Amino acid sequence: NAGVTQTPKFQVLKTGQSMTLQCAQDMNHNSMYWYRQDPGMGLRLIYYSASEGTTDKGEVPNGYNVSRLNKREFSLRLESAAPSQTSVYFCASTLGPQKAYEQYFGPGTRLTVT
Amino acid sequence: GENVEQHPSTLSVQEGDSAVIKCTYSDSASNYFPWYKQELGKRPQLIIDIRSNVGEKKDQRIAVTLNKTAKHFSLHITETQPEDSAVYFCAARSARQLTFGSGTQLTVLP
C-alpha cells in the first residue's frame, strides 16, 4: 500500500505558467482533499471531493481548478500561476463521509512561483 | 464557516515535563477533532482524535480533552521526549471539511 502519493515533489514556475498537481490513493477512499500550507497559517482547504463525481470549493479556491478523474485520482490545476500561490500543497484522503473521518496526507508538493 | 484558534504558537518544555496545547472552535455542529503532528519537511500525521460524543481520550503519553459547552479542546503530552519536538495542529470537522488551527511549534529541551 503506497497510501497517498503526489507528483511532482518540487516545482518552480514563472508567473503566468500553468501546471497540474497529481494525487492518487490506493486505499479505496471516497473523499479527497487539496490543501495549501503557508508558514504560520496551518493548512487551508482549496477544494475537496466528497465522492467520485463531485467537487466543492473550500476556503481558498480562487486561482485553482480540480478534477476527480476517478475514485483513485484527484488533480489540482493552476491555470495562470501567481507568486501568491507559492506554497506547499498537500493532498489527503479519507474513507468518509459517514464512515471514517481520519485524513491521510500525501508527501506534499513544494511550489515556487517567480 | 468554522474558525479554529490554537494557542500557544510556540512552546518550550524540559524533557520529562508535560505540554498542553489548546484550541477553540466556533461551529457548535463540529463533531470530530483530530490532532496532527508534523515534523520539518514531512507530511502531517494523525496522533489522536476525538469525537463529539466523548469527553476524553488517552493513548499512552498523549491525551485529548473536549469541552463541547465551552467549544474548546486540548492536547496533553506527558513525559515529553526530544522526539516529540514538532509542529502540532488541531482541527475541527464541520460541513464535511476539516478546519485547522495555525499550529504550535513544540520544542523539548534535553
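The values are calculated or read from the model by the stated rules, or taken from the named source; none is laboratory data. These figures come from a predicted structure and were not determined experimentally. Don't worry about glycine lacking a Cβ; one is built from the backbone with ideal geometry, like all the others, and counts go over all protein chains shown.
Looking at A:96, A:63, just one residue is surrounded by fewer than 20 Cβ atoms within 10 Å (Cβ to Cβ) and more than 14 Å from chain B (Cβ to nearest Cβ), and that residue is A:63. With respect to the conditions (1) in contact with a His (Cβ under 7 Å, 6 or more places away or on another chain); (2) among the hydrophobic types (A, V, I, L, M, F, W, C); (3) under 30 Å from residue A:49 (Cα atoms), residue B:75 lacks only one, and its number is (1). Here the condition is being closer than 30 Å to residue B:7 by Cβ, within 14 Å of chain B (Cβ to nearest Cβ), among the polar types (S, T, N, Q) and within 14 Å of the chain's Cα centre (by Cα); of A:31, A:49, it holds for A:31 alone.
Of all residues in region B:56-110, those that are aliphatic (A, V, I, L, M), surrounded by fewer than 16 Cβ atoms within 10 Å (Cβ to Cβ) and within 14 Å of chain A (Cβ to nearest Cβ) total 1.
Within region B:19-32, the set of residues being within 10 Å of another protein chain (Cβ to nearest Cβ) and touching a Leu at 6+ places or on another chain (Cβ under 9 Å) comprises just one member, B:32. Looking only at residues in region B:10-37 that are among the charged types (D, E, K, R) and in a strand (DSSP E or B), the one that is nearest to the chain's Cα centre (by Cα) is B:22.
Answer with yes or no whether residue A:33 is among the hydroxyl-bearing types (Ser, Thr, Tyr), outside any loop (DSSP other than H, G, I, E, B) and either at pLDDT below 95 or buried (at least 21 other Cβ atoms within 10 Å of the Cβ) (or both). Against the criterion (among the hydroxyl-bearing types (Ser, Thr, Tyr), outside any loop (DSSP other than H, G, I, E, B) and either at pLDDT below 95 or buried (at least 21 other Cβ atoms within 10 Å of the Cβ) (or both)), residue A:33 qualifies.
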